[in-house]
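*Asks:* Okay, handing you the structure first.
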Amino acid sequence: MLACLTDYLSLCRVTAAIGYLLLLLFSFFITVYTACFNGNCQFLDSCSQATDCGPGLYCGNCPALGKSQPFCTRGQAIMPASIVGGLPFNKYSWLMTHNSFSIVDAPSLQGVQRLTFYNQEDTVTNQLMNGVRGLMLDMYDFNGDIWLCHSFRGQCFNFTAFVICLLQPAINTLREVETFLSQNPSEIVTIVIEDYVHTPKGLSNVFVNAGLDKYWFPVSKMPKKGEDWPTVNEMVQANHRLLVFTSVASKEAEEGIAYQWKYILENEAGDPGVKPGSCPNRKESRPLNSKSASLFLMNYFPSYPVETEACKEHSAPLADMIGTCFKAAGSMMPNFLAVNFYMRSDGGGVFYDLDSMNGQRLCGCKTIAACQAGAPFGSCKNITMPSSSPMTNTAGSFSGSVQFSKSASTIYYSNQFAIGFFSIPWMLFLL
């Protein structure tokens, strides 16, 4: 009788184990069947690869905030002038990338090791396609040409074993800008140059050689005393769609390149620019509440860029800092928001904050997605916040899911089926 009871218990355990396995498999297939994929995933939906997410979205994660499982985040900006048009250029807020040329995994054109910090994860072309409209570039004399470079003491160094912080000839990146402007005739791009070029006419010549002179916004037409800029429509009609600023004052007269500090107010870069509750101006800039310039560039990036921390930086702290700088500038909203690793976020990121900035300043709404063309100020569409803010203008934007370099796209997540499957030996141990 005891033997029968033992056999019965063993049979029960086997039956329970098989039942558990079947339930696990059923659960897995139900999960796979009901999961979104192939471009059907919406904002904040779980995903496993970039192509799972819908237009304007990117599949990423944010372990710095405990969000290791990948999900669809914002990956493209809404072009504000496509919703509320006809206003002066300085009435809009645009996304700018800090050290736009310093890209993770970009190959060294010298064929030797690069020693530098990186600030972005995709090409300048990709940045522009995703709605970036401002580029920060460091330009130097090097090898008889103009190069984009990270360096020190005002010059690039090429040592025997490796190149310190040397990236590429500036004309390569400028040609990317030219291609974008030629293919997108209603878009405007701003370039701010940290200028270490000493070759006479070297800076202006590299822009001419890249074919960008035909888009040049003339210095003579720039407002000198804080007045409004021309409207975006006027700039497009005149083909004055490239604004270029240099950090060297003499080049305004010598080469026709606008001296940055004459036209732009700017807060401190690096760690001082991300300190909560503080928004000091750069020493080169006029006070942020000055009325003598009508463009405001807000720097928001730490002194030492860390990819994995950027998603955390682009969450609540960024929104708080925008409010702090808005007050410091005498209730002037930033025209340019400069960041590292612009794609990294815990959901809406820099794109969500740009939507909020443009919504408040252009139509009195919480987001640009709630603005209504031609409607009175404060007349807002009833939308849920936050939202995926679907693209209303695809000019200059990818039509599908957002993707960039291989290393930046890598995400790590647990596979439910694998975890469950390898737990089976533990379960069979009961037999």
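*Asks:* I need the phi-derived Karplus couplings for segment 87-95: 6.51 cos²θ - 1.76 cosθ + 1.60, θ = phi - 60°, integer Hz, Gly and Pro marked x.
*Replies:* 9, x, 4, 7, 8, 10, 10, 10, 7
*Asks:* With r defined as the distance between the Cβ atoms of LYS67 and ALA316 and R0 fixed at 22 Å, what FRET efficiency is calculated, to the nearest 0.05?
*Replies:* Values: r = 14 Å, r/R0 = 0.62.
With R0 = 22 Å, the Cβ-Cβ based efficiency is 0.95.
*Asks:* For the pairs LYS221/LYS291; LYS275/LYS366; LYS201/LYS283; LYS312/LYS366; LYS224/LYS275, note any where the Cα-Cα span goes beyond 20 Å.
*Replies:* Values: LYS221/LYS291 18 Å; LYS275/LYS366 25 Å; LYS201/LYS283 27 Å; LYS312/LYS366 22 Å; LYS224/LYS275 31 Å.
The answer is LYS275/LYS366; LYS201/LYS283; LYS312/LYS366; LYS224/LYS275.
*Asks:* What spacing in nm lies between the two simple spin-label points modelled at SER48 and GLN360, each 7 Å away from Cα in the Cβ direction?
*Replies:* 4.1 nm
*Asks:* What does the charge dipole of segment 78-370 about its Cα centre add up to, to the nearest 20 debye, if the Cβ of each Lys and Arg holds +1 and the Cβ of each Asp and Glu holds -1? Present the calculation step by step, with values, prior to reporting the outcome.
*Replies:* On the way: 23 positive and 29 negative charges, 161 e Å.
Computed about the Cα centre, the dipole is about 780 debye.
*Asks:* Another one. At what distance in nm do the modelled label points of LYS291 and ASP271 sit from each other, each positioned 7 Å from its Cα along Cα→Cβ?
*Replies:* 3.7 nm
*Asks:* Let me ask something additional. Which order do TYR304, TYR58 take when ranked by solvent-accessible area (1.4 Å probe, heavy atoms of all protein chains), largest first? Don't skip to the answer; put the middle values down first.
*Replies:* Working: TYR304 150, TYR58 15 Å².
Per-residue accessible area, sorted high to low, gives TYR304, TYR58.
*Asks:* Per the Debye formula with a single identical scatterer at each Cα and no solvent contribution, what log10 I(q)/I(0) holds for segment 323-363 at q = 0.18, 0.28, 0.31 Å⁻¹?
*Replies:* -0.56, -1.06, -1.13
*Asks:* A further question follows. So how far apart, in nm, are the two label points at ASN382 and TYR304 if each is 7 Å from Cα heading toward Cβ?
*Replies:* About 5.1 nm, to one decimal.
*Asks:* Let me ask you something else. Calculate the FRET efficiency for GLU194 and CYS36 from the Cβ-Cβ distance with a Förster distance of 45 Å, rounded to the nearest 0.05.
*Replies:* On the way: r = 43 Å, r/R0 = 0.96.
That gives a FRET efficiency of 0.55.
The values are calculated or read from the model by the stated rules, or taken from the named source; none is laboratory data. Nothing here was measured: the structure is a model prediction, and the numbers come from that model. Quick reminder, even Gly has a Cβ in these numbers, built from the backbone with ideal geometry, and neighbours come from all protein chains shown. Note: accessible area is taken over every heavy atom of the protein model, side chains too, but ligands, DNA and RNA are not part of it. Shrake-Rupley method; radii C 1.70, N 1.55, O 1.52, S 1.80 Å.
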